[in-house]
Structure formats: structure tokens, C-alpha cells
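Here is the structure we will look at.
The values are calculated or read from the model by the stated rules, or taken from the named source; none is laboratory data. The structure presented is a predicted model; accordingly, all values stated were derived computationally and were not measured. Glycine gets a Cβ as well: all are built from the backbone with ideal geometry, and neighbour counts include every protein chain shown.
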Amino acid sequence: MRSYASLTCSSGHFLNNITNSCDECSCGVRDSKCIERNICLECDINQAFDLNLLQCVDACSDQDEKATIPFHPYLKRQFKYCRQLGTLQYPFKSMVSALVELFNYLQADKKPYEILIKEGEQEKLYGLQKHMQQWIQINQEISQSQIFKLAKLLPINYILDFPSLILNSTIVTDYINEGIILLSDCSQRQINSYEGEIEFSGLRVVGQRYLVIQQPLIYIQTLYNVTVDNSELRSFSSINDASKQQLSIESTSLCPFNADKKIKKTQLTNSYISSDAINGKDQTQIQYNINCGQRSDFNKRIQQCIIENLTFENLYSGVTLLYLSQGASDLTMRNFTQNNVSLGPIQAMHYFITGFTTLYMIDIKFYNCETQGRVIATGIFTNTYIDKLVMINNTCKDFNSNLNSIDQWINRKMDYVSLRVLNVLFNLYGKIMRSANPLNLRILNSTIVTDYINEGIILLSDCSQRQINSYEGEIEFSGLRVVGQRYLIMQQPLIYIQTLNNVTIDNSELRSFSSINDANKQQLLIESTRLCPFNADQKVKKTQLTNSYISSDAINGKDQSQIQYSISCRQSSDLNKRIQQCIIENLTFENLYSGVTLLSLSQGSSDLTMRNITQNNVSLDIKFYNCETQGRVLATGIFTFTYIEKLVMINNTLDKEKNGLCFFKSSANPTNAIYSFNNLYFKNNNIYSNQSMIIQLYTDNSKFGAYIVRYDEYNLANLSENSTIENVTISNNEVDFFFFGGFKNTSLTNRDIIFQLSLNRLNFTSNMYVKESNLIKIDQFADESNAQIILNNSFFTNNTFEAGGNLLLASQNQRLPLIIQNTVVTQNYQAQFHFQAGDIMNKNLPQSSIVKNCSFSQNYQMILSIFDMKENTKIQIYSSTFQDNLSMSRGAVILADY
């Protein structure tokens, strides 16, 4: 093995390892130095070093040119050498004139000119430098006035392979086949001495790479602090390099040293990353790899990773652009911008980030970017926070297909994770995000454009990832806007949440729609998680949909077919273990069409209250404007208690092509179910139905026999509360309002309790009906209990029945009378109160009514009367007034038509 300790010998001599003595060099003794007999290091001032002969010569051959390094860092003086020239087409051809490829420097006139160096020449120069590095004391601080001026003036294949400080310098990569390689040989260090600084500041890397590179262009493997700051990286390659990385920074393995708890810093900041390629697709290999994970220094030093203020612009890469690995400490990415960045035909990602603790992504922006893989992929982090993420005019797509089911904006395995997204515009092709594990998520003040999304936000729960009693957390969407048409088929709901965490959707605007026949029709689905065993803790589990506006961006309403929102407050794994709180309030549905049930609410075993309160199962001020359906607007079932307050319905239509329609329906409730309707307002609603009463008078069944509220059966029990419909306005409608099917008292043992169905403060005004209709219909039933129906403090004003109709039709046989009191009836056309017992043979149980403190004025009955009484009915009228009522036939007030 050679020994390069020639400095122990005098000038012109080298250390002979065989004789262990200093022998004379072939280079001569004129103040020269050599490494071995025929490898001269320092030639006479008038001589040059021949890279082929590896010795000093008086003159270069005709095929070579003499080149000068003005100041060589090893020799501390000028260095001259001979090198062979050539061209790209004929690399071995001698030439005299320079070609425009690389920069060099002529010592004679100090002006730059451009030459092409024959392939292989610089390896020879590097080989010489390797010898010099072994036996000359190296100055490890290299500034612009030292060796890196060499890189600016004379590009060489091998630039550096030792720790450095490089300031305000430029690398032209055109014919470099190995750049800056800074590795660490642990055998060269003593224990606890692994510390130092590597810094690149003001560095410019430009040009195309014509040669294959086996290593990253800048490859740093060290235990030192590393800083790359205020730099501009623009080089690119159009060839298939063995190594695709422009920059790779990582720690050193297998270096044993004692823990010193010093800070080891890795920093990439304030830099601009782009490409000099004229055609972006001409470049294939652009990747930056920053690995802040600890190796030899694991648990021995404190890792600090600073990645911020980076701009990626106008570049194309066939691989993942930025790979960050953090290890066991937190990672913060701040102020990242990507503009006009495209990724190639494999599953590449803009950012691939791994770590074990917490990831912060702050002020991340994407403009005009394109990818066929994922924009952001993260893994293993316990907590992930994304704050101020902006995505505008970006595309995730598969160039080989119109549908790509694996594109995803963010994809990762999330366990015990917190993810925060603020001020984000999702406008992309493919998927947004999916988590198979329990997740804490906050998406605030963000927008989803659904046009080319084929999977939205999917948050599921894998129970195997949690420990007992740890099933809790928060999922929140606030200030969310969902807009646009869906052109791609979705297999899952746009937003699908299956969790045991609290879920809140508040202050949001949902406007997206679909005109295709999706496999899944739901815009939103929230439900609990099944098969997750955990101990009962009686904590509150909240599901909330509040203060939101739901509409559609469709120009033609019928162009949209798939609009559904499903909220399931049913308990599954948490049944009898937690307290369910379901808050559904302040919702507005406007200007939309759906081919399916619009809003599905499932509550489970706790109460559902539709009233202006914020407690379990609250629904407040639900408004329907200009809506059309072929089914029911509201349908409920199985609830024991139901309260509806401030329900507004204006300009709504139930389609005439469907049967069995009503605005509100409740069924399958327990015998002690209670309903309360307060402050309802109905205006300009139309309903069409083929279903009617038992006896039909018209062959055209349109607009006949359907009701806004249909109450089929009131089951009486000993502890039942009274049912009430109160403060309701029905204006400009063409639909009957209320149907009551009767009382059922099979479970009633105490016959002394009085039960009431109260209709209070109903205001019927300016309603018009073409066919025979009933504003209020009490169906045929028989009841001998203490149950009673009361119509109180109500108004019937300016209602028109072109074919005749009933303000109220009562057909029940009941022990206690129907009471109509404190009611005003005025200016109605062909309208009457119609009393017709369903059982005319049961004389002991007639249909009976009491009218008191009422006013009837300016009603035009045509051929009818105000009260029309059939067989087995009776009426008592007290303290009431009749004025200016007109009938063209028979009695204007009472017609006893037996």
C-alpha cells in the first residue's frame, strides 16, 4: 500500500515504502515535490503537469492545452496542467478554438471564454487532488477567493468531498459527473469529536447535466450542522441518471460516540428551486432529499430541522420532488410555494414527509401544479397540523386514463393524529384525503371544488388502532364551502365520517351537485363506529350540523340528480356507554333538486327535539324555499317526543307524478309518543297526489287527498302528554294542511285523565283549491275516553275552494266534543265546517261539536252553508257572531242535511 507522507522528504524526493527512505523524484529537483517517483505534485514555475504522463513537462503537446488554476487551495499557489480538448461529436479530436459549453478563465487577459473538455480529463485531475488531500494539511474553509472560484471558473467532474463553507458561488452542472460529496468516515474521528459546520449560502446551481451521475449532485452525510440558505438551484437532467437527486442530506450511521445533548441542525431555507429547461418535459430527474432522522446520534443529540421559505417553480420531475424525513422530533414546514410544477407518469408526490411526532405545515401554496400521484403524503406522525394551505388551479390526473381511483391530495396512515387545515382551496383531480384510523381533524375556512374529485374526505375508524377508553377526539368543519358539479362517479359519500369522536359541521355552505347516476348519492354521511369494545365512560358524544346553507350550483335544477345529506346519531359501539348529543339547527335548503331523500336524520335511543334550543337533538329554523320533490319533505319514526318550532315552507312543490305524498310524516312511534308543532309558516306550496279519501268525487285525482301534516294515530297512555300544533301560518297554498287519524287508548287504564290534541293559533289565509279539499280533516274513528280535539284562537281568511271544500271536516264518533273557540272566519269562498259522523248507527256516541266565542263574516258559501251537519251529529254554538254571510241555496249558517 502506498504511503503519501512525502512532506517528510525534501523537495524533489518521495518516500519509498520498500526501502523506507527518501528517493529522488523523476520530476527533478528544481524546487518540486512529488508523491511517488513518477507522480509530481509541484512543478517548476515554467512547467506544467501532464495529466497523461503524471509528471512535469516544459510544454504541453499539440493535442493539449495548458490550463491554469490561479490559486490552488492545497498548494497555496498557482497550478498549471495540460489537458486534452475535443468536441461533443468528436471528443478525441484536437482543437484550437473554443466551443460554447463550459466556462474557463485565461490567465493572460483575465477574460472568460468557453471551452469543451475531453471526457475523462477531469478524473485525472481529481485523482491528483485525491493524492494531495491525503498528505497536505487542508484548509477546510473554502470561500469565493479560494477553491470554489475554481468551480466558477473551471468546472471539473469532482468538485469537493470534504466538509466546507461555500459562499456566493456557482456550479455549472453541464459536464459534471460527480458533484459535491461530503461523507463521514467514522474511523477518522475520536469519540465525542463529531461536530462542525457545513454551510452553503448564496449558492447557484445551473445548467443541464449531460453526463450520468451515480450519486446525488450534492450529497452530504454527516453529523455536522448543515445549512443550505439563500440559494438558487436550477440545474436539470434529460437523461436517466442512476441517481435522481439534486440534493441529499442525511445523518451518519455506525459512528459510536458518547451522548453530549448538543443541537444538530439541518436547515434548508430561503431558497429558489426551478429548472433551466426550455421544455419542462425535457427534464426527468429532479429530487431533493432532506433526512433529519437521527442515526449514530439517536438519543445522543437534539435534532433541529428547519425547512422554510422555499419556492419551487417552473419545473418537471419524474419522481417525488421533495422527500423529508424527520425522525423522532417535530417538523415544521413554513412558507412553501409551488407554481407550475408537474410530476411525471409514475406515482410521484410533490411532498413525501415522514416522522414520528408532530408535523406542522404552515403557509403552503400550490399554483398551477399537476401530478399523477399525490400532492402531499405523510406517514407515522402522531399529530399533523396544516395551517393556511392554498391550492389554486392544480390538477391531479392520470395521463393514460380519464379516471384514476388512487390519486389523493393527502394520504397517510394516521394513528392518534391531529390534522388542522386552514384556508385551503381544494381544486384537483382525484381524491382529497382518506384515513382508516381514528383522526382529530379541523378544516376551517376552506373550499372544495368537486368538479373532478372522485373521492372526497373519508374518515373511518379502525378500532384495532386504539386502546380501551381512548375513543375520543374532535372532527370539525367550520366555514367550509363545497361548490361545483361532480363529473366523476363516486363510490363513497363526498364527505364520509364514521367515528366515535365528536363531529361538528358549522357555518358552512354546501352547493355541489351531480348530473350523473353516482354509485353513491350522498354529499354528507356521518355515523358512529361499530365493533369497538371499550368501557363505559358516560362522556358526551356530540354530532352537530348547524348554521349552514344547502343549495345547488346547477343552472337547470333537473340537471342534478344526486343530493342527499345523512346524519346518523344512532349509537353503535358507544350504546349505553356514552351520552349522545345531536344538534341539528339553523339550516337553510334553497334552490335545489334531488332524486333521493334530501335529509336523513337517525337519532337512536335519545330524544329528538325540533325547537330553538341547543341541547340533544335540536333542529331550529329549518327553511325550504323553491324546492321540489316526488316524496316527502320531512319523515320521522320511532321517536317518543318530537318538537318542531319555527318551520318555514315557501314555494315548495310535491310532484304530481308520485303517490302517497305529504310534507311531514311520522310513523312507527311508541304508544306514548308526543308531538309539538309551534310557529310554523306555510306559503305558496303545491302538492299533487293520486291518493285521496275513500270516496272520490273526481276522476282527475290531481291535487287531492294529500296533507302537509298527517297525524295517523294518537296513542293514549296513563302518562301521556297533550299534543299541540301551535302558531302555524298557511298562506297561498294549494295543499291541505292537517289530517288526524284518531285516538287509540288500548293501554289506557285511568279513564279520568283528559287528553287533548290542541290546534292553537292557526292562520289560514289566501289559500286556493281547484278540487274539493279539506284544510283540516279529522278522520273516522270511535273514542269513549277522555280525549278531546280543540281548535283555538285561529283565523280562516280569504280561502277559496273553486269546487267547494271544507275549512274543517270532522268524522269522528267521540264522547267528548270537538271544541272550536276564539276563532275568526271571514271572506272565504265556498268553504264550510263539515260535520259527518263516520258511524251513523251509534247513537250513543255521535259526532259532537261546540262553537264558542267565534266570529263569521262576509263568507260566500254559494250553495253551501257555514256549518254542514250530517246524520248522527250535533252542534252547540255559544257567544258567537254571524254577519254578512251569503249562500245562494238553503241556510247560510247551518245546514242540517240528514
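Of all residues in the range 473-505, which are assigned to a loop (DSSP other than H, G, I, E, B) and at pLDDT 90 or above? Spell out how you get there, then give the answer.
Just the residues of the range 473-505 that are assigned to a loop (DSSP other than H, G, I, E, B), to begin with: 473, 479-480, 484, 487-494, 499-501.
Across the range 473-505, the qualifying residues are Gly479, Leu480.
State all residues of the range 780-803 that are part of a strand (DSSP E or B) and closer than 21 Å to Val851 by Cβ; if no residue qualifies, say none.
Asp783, Ala787, Gln788, Ile789, Ile790, Leu791, Asn792, Phe795, Phe796, Thr797, Phe801
Could you run through the range 268-286 and say how many residues are of a type outside the set (A, V, I, L, M, F, W, C) and at pLDDT 80 or above?
Narrowing the range 268-286 to residues of a type outside the set (A, V, I, L, M, F, W, C): 269-272, 274-276, 279-285.
Those left that are additionally at pLDDT 80 or above: 269-272, 274-275.
The total comes to 6.
Looking at the range 768-779 only, could you name the residues that are buried (at least 18 other Cβ atoms within 10 Å of the Cβ) and either of a type in the set (Val, Ile, Thr) or in a loop (DSSP other than H, G, I, E, B) (or both)?
Answer for the range 768-779, where residues must be buried (at least 18 other Cβ atoms within 10 Å of the Cβ) and either of a type in the set (Val, Ile, Thr) or in a loop (DSSP other than H, G, I, E, B) (or both): Lys771, Glu772, Ser773, Ile776, Ile778, Asp779.
Can you name the residue in the range 861-898 that is modelled with pLDDT under 90 and hydroxyl-bearing (Ser, Thr, Tyr) and is also surrounded by the fewest Cβ atoms within 10 Å (Cβ to Cβ) among such residues?
Tyr898
Taking the stated definitions as given, is Leu587 within 25 Å of the chain's Cα centre (by Cα), assigned by TED's automatic domain parsing to the domain that holds Leu510 and at pLDDT 75 or above?
Yes.
Identify, please: which residue in the range 234-268 is buried (at least 17 other Cβ atoms within 10 Å of the Cβ) and β-branched (Val, Ile, Thr) and is, among those, farthest from Ser317 (Cα to Cα)?
Thr252
What single numbered condition from (1) assigned to a loop (DSSP other than H, G, I, E, B); (2) without any contact (Cβ under 8 Å) to a residue 60 or more places away in the chain; (3) over 19 Å from Ile820 (Cα atoms) fails to hold for Gln861?
(1)
Out of everything in the range 365-383 that is among the aliphatic types (A, V, I, L, M), under 11 Å from Ile353 (Cβ atoms) and under 17 Å from the mean Cα position of the chain (by Cα), what residue ends up being modelled with the highest pLDDT?
Filtering the range 365-383 for residues that are among the aliphatic types (A, V, I, L, M), under 11 Å from Ile353 (Cβ atoms) and under 17 Å from the mean Cα position of the chain (by Cα), the one modelled with the highest pLDDT comes out as Ile376.
I'm trying to understand the selection: among the residues of the range 828-847, which are among the small types (Gly, Ala, Ser) and either touching a residue at least 60 places away in the same chain (Cβ under 8 Å) or assigned to a loop (DSSP other than H, G, I, E, B) (or both)?
Listed by number, the residues that qualify are Ala837, Gly838.
Residue under question is Ser231, and the condition is that it be modelled with pLDDT of 80 or more and either under 35 Å from the mean Cα position of the chain (by Cα) or surrounded by fewer than 17 Cβ atoms within 10 Å (Cβ to Cβ) (or both); does it hold?
Considered against the rule, which asks whether it is modelled with pLDDT of 80 or more and either under 35 Å from the mean Cα position of the chain (by Cα) or surrounded by fewer than 17 Cβ atoms within 10 Å (Cβ to Cβ) (or both), Ser231 comes out as yes.
Only one residue in Phe835, Phe856 is surrounded by 21 or more Cβ atoms within 10 Å (Cβ to Cβ) and closer than 17 Å to Phe739 by Cβ, so which one is that?
Exactly one residue qualifies, and that residue is Phe835.
Sort through Arg761, Arg751 and tell me the only one that's in a loop (DSSP other than H, G, I, E, B), charged (D, E, K, R) and either modelled with pLDDT of 80 or more or over 18 Å from Asn806 (Cα atoms) (or both).
Answer to the check: Arg751.
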